[in-house]
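**Q** The structure follows.
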Amino acid sequence: PMSGEGEAGIAKSIQSKLTDALKASFVQVEDLSDGCGAKLDLIVVSDEFEGKGLLERQQAVHEVIKEEMKVVHAITMKTKTVKQWEAMKAKEQS
């Protein structure tokens, strides 16, 4: 059962689970639903994604957070390797 810290707890839980399970170097969980946790936007950066296609990456993420997915209605995600993430950040800064 979910602990009593409500929806903010979901984002935290997702963040720590993904960080552990995927050895992620960066995980951002943004709540797009006014704090009710129903709509989340994720960024997951992990070298575990190296050599995996988009679908495989997303399945890996879903697998880790399947408990949370029962209460989250919509989720969007960006899944990047560390290299891809750094390249993206570099582009944004130039």
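The values are calculated or read from the model by the stated rules, or taken from the named source; none is laboratory data. Quick caveat, the model's predicted, so the values are computed rather than measured. For neighbour counting, all protein chains shown are included, and Cβ atoms are generated from backbone atoms with ideal geometry for every residue, glycine included. Side chains are part of the model used for accessible areas, which takes the heavy atoms of the whole protein and leaves out ligands, DNA and RNA. Shrake-Rupley method; radii C 1.70, N 1.55, O 1.52, S 1.80 Å.
**Q** Can you compute the equivalent ellipsoid semi-axes for the chain, i.e. the square root of 5 times each eigenvalue of the Cα gyration tensor, sorted largest first and rounded to whole Å?
**A** Equivalent ellipsoid semi-axes, largest first: 24, 15, 11 Å.
**Q** Something else: For every other residue with a beta carbon closer than 10 angstrom to the beta carbon of Lys39, add +1 if it is Lys or Arg and -1 if Asp or Glu, then tell me the sum.
**A** After counting each charged neighbour, the total is -4.
**Q** A further question on this structure: What number of lysine-lysine pairs in the chain show an alpha-carbon separation below 13 angstrom, given a sequence spacing of 8 or more or placement on distinct chains?
**A** Lysine pair count for the chain: 6.
**Q** Just add up the charged neighbours of Lys91: K/R +1, D/E -1, any other residue whose Cβ is under 15 Å from the Cβ of Lys91.
**A** Details: positive: Lys78, Lys80, Lys83, Lys89; negative: Glu86, Glu92.
Within the 15 Å Cβ shell, the charges total +2.
**Q** Put Thr81, Thr19, Thr76 in order of accessible area, largest first, 1.4 Å probe: what do you get?
**A** Thr76, Thr19, Thr81
**Q** Also: Considering only the other residues whose Cβ falls under 12 Å of the Cβ of Gly51, what net charge follows from Lys and Arg at +1 and Asp and Glu at -1?
**A** Numbers: positive: Lys52, Arg57, Lys83; negative: Asp47, Glu48, Glu50, Glu56.
Surrounding charge for Gly51 is -1.
**Q** Right, something else. Less than 19 Å from a label point 7 Å out along the Cα-to-Cβ axis of Lys83: which backbone N atoms in the stretch 36-66 qualify, by residue?
**A** 44-58
**Q** Oh, and also: Can you say what percent of the DSSP beta bridges in the chain, counting only those with both residues inside, are antiparallel? Round to 5. Please list the in-between numbers first.
**A** Values: 6 of 13 bridges.
Percentage antiparallel, nearest 5: 45.
**Q** Same structure, new question: To the nearest 10 degrees, how steeply does helix 54-64 sit against the main Cα axis of the chain, on a 0 to 90 scale?
**A** 40
**Q** Between Leu32 and Ser94, what is the spin-label point distance in nm, taking each point 7 Å from the Cα along the Cα→C-beta axis?
**A** Placing both labels 7 Å beyond Cα along the Cβ direction yields 2.8 nm.
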